[in-house]
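K.L.:
Mind looking over this structure? Questions follow.
The values are calculated or read from the model by the stated rules, or taken from the named source; none is laboratory data. Because the structure is a prediction, the values reported are computed rather than measured. Heads up, the Cβs are rebuilt from the backbone with ideal geometry, glycines too, and the neighbour counts pull from every protein chain shown.
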Amino acid sequence: MKRFTAVLRGTLAASALSLCASGAMAQDFVNVLTGGTSGVYYPLGVGLSNIYAENMDRVRTQVQSTKASVENLNLLQQGRGEIGFALGDSVAAAWNGDAEAGFPEKLDQLRGIAGIYPNFIQLVALAESGATTLEDIKGKAVSVGAPASGTELNARAILGAAGMSYDDLGKTEYLPFAESVELMKNRQLDATLQSAGLGVASIRDLASSVEISVVEIPANIAESLGAPYQAATIPAGTYDGQEADVPTIAISNYLVTHAGVSDEVAYQMTKLLFDNLEELTSSHQAAAQIKLEAALDGMPVPLHPGAERFYREQGMIN
């Protein structure tokens with residue numbers, strides 16, 4: 001009996017080792033890189049993570065709150081995340097190695113998953129400040145986003161196209177969305193520039209607490225900057241007290257991965273995104289703007305082979 005038990009234990013141990021070696025017990029990890037918790041990236045990242053956890057076999061998921069685009073891209077280059085959200089201009093700057101944008105070297109490991117929804121540049125001021133145009137923010141205390149974030153890169157670009165710089169502001173603060181809003185509620189800031197999907201929680205919170213004005217950014221700014229910027233409109237009623245459409249500019253967001261992610265995981269991440277858009281929209285309304293037919297538009301980096309497989313199946317790539 002002792003000999004039989006020993007043989008059985010040995011057989012079971014060998015079987016377990018064989019299973020591990022074959023990968024049958026292996027488990028992939030998908031870390032979703034997002035942004036601040038009061039922005040749009042974070043709730044969408046939570047929704048995406050849940051979709052992956054429910055539909056991908058032997059996969060553990062995690063959502064990481066970050067400083068958004070620039071940090072996400074650097075983390076992906078280092079293999080410290082499997083998929084991340086980023087603004088199109090930041091992705092292009094990362095691929096080209098733009099030191100001023102926060103990328104001293106070309107991030108050559110980045111690979112594309114999908115173009116998703118546009119970010120709207122939303123410059124919001126306290127109504128009592130009197131600011132309704134871009135010119136009006138001269139001399140005002142303005143938060144331009146976390147340092148070297150995608151939002152802050154947008155702020156620099158927009159002011160530059162308008163012939164302005166941070167020197168024209170009365171005070172420049174480099175703060176995430178939620179902190180900017182809190183300072184505005186306390187009358188310590190006049191305005192905040194936030195690059196996000198429409199209906200971002202931080203500005204909804206602000207508009208429900210104080211009277212705001214959504215500042216116009218004219219179409220000629222988009223024309224001056226060129227692609228990936230484009231003229232856009234923040235529809236009336238997007239925020240409490242906003243009674244009219246407001247012109248602004250928009251820029252596409254992308255989901256990005258890195259070359260070290262397996263083809264199968266990248267394929268599943270892409271497919272499940274488009275198979276579950278209705279569920280993702282319940283996480284945030286910005287997801288309603290994600291369209292399969294636009295997924296490859298302006299992609300700033302090479303597609304991951306796994307994502308490319310999905311688009312070939314959809315007849316989008318020959």
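K.L.:
Yes or no: E152 assigned to a helix (DSSP H, G or I) and either in contact with a Gly (Cβ under 6 Å, 6 or more places away or on another chain) or outside the structural domain of A222 (by TED's automatic domain parsing) (or both)?
P.N.:
Considered against the rule, which asks whether it is assigned to a helix (DSSP H, G or I) and either in contact with a Gly (Cβ under 6 Å, 6 or more places away or on another chain) or outside the structural domain of A222 (by TED's automatic domain parsing) (or both), E152 comes out as yes.
K.L.:
Provide a single number: the residues in the stretch 86-106 that are more than 30 Å from G237 (Cβ to Cβ), aliphatic (A, V, I, L, M) and within 17 Å of the chain's Cα centre (by Cα).
P.N.:
Residues that pass the stated criteria total 5.
K.L.:
Please specify each residue of the stretch 292-313 satisfying the condition of being without any contact (Cβ under 8 Å) to a residue 24 or more places away in the chain and surrounded by fewer than 14 Cβ atoms within 10 Å (Cβ to Cβ).
P.N.:
Selection gives E293, R312, E313.
K.L.:
Show me the strands (runs of 3 or more DSSP E) found entirely inside the stretch 159-269 where at least 1 residues are over 22 Å from the mean Cα position of the chain (by Cα) and free of Cβ contacts under 8 Å to residues at least 40 places away in the same chain. Talk me through it step by step, then tell me what you get.
P.N.:
Values: elements: 171-173, 191-196, 212-214, 229-234, 246-258.
Those strands (runs of 3 or more DSSP E) span 171-173, 246-258.
K.L.:
Considering the stretch 72-92 alone, what residues qualify as being modelled with pLDDT under 95 and either touching a Leu at 6+ places or on another chain (Cβ under 9 Å) or among the β-branched types (V, I, T) (or both)?
P.N.:
Scanning the stretch 72-92 gives L87, D89, S90.
K.L.:
Still on this structure, I have one more. Give all pairs with beta carbons closer than 6 Å in which a residue from the stretch 102-117 that is small (G, A, S) meets a residue that is part of a loop (DSSP other than H, G, I, E, B); count only pairs at least 6 apart in sequence or on separate chains.
P.N.:
Close Cβ pairs satisfying both conditions: G102/A148; G112/M299; G112/V301; A114/A295; G115/A295; G115/D297.
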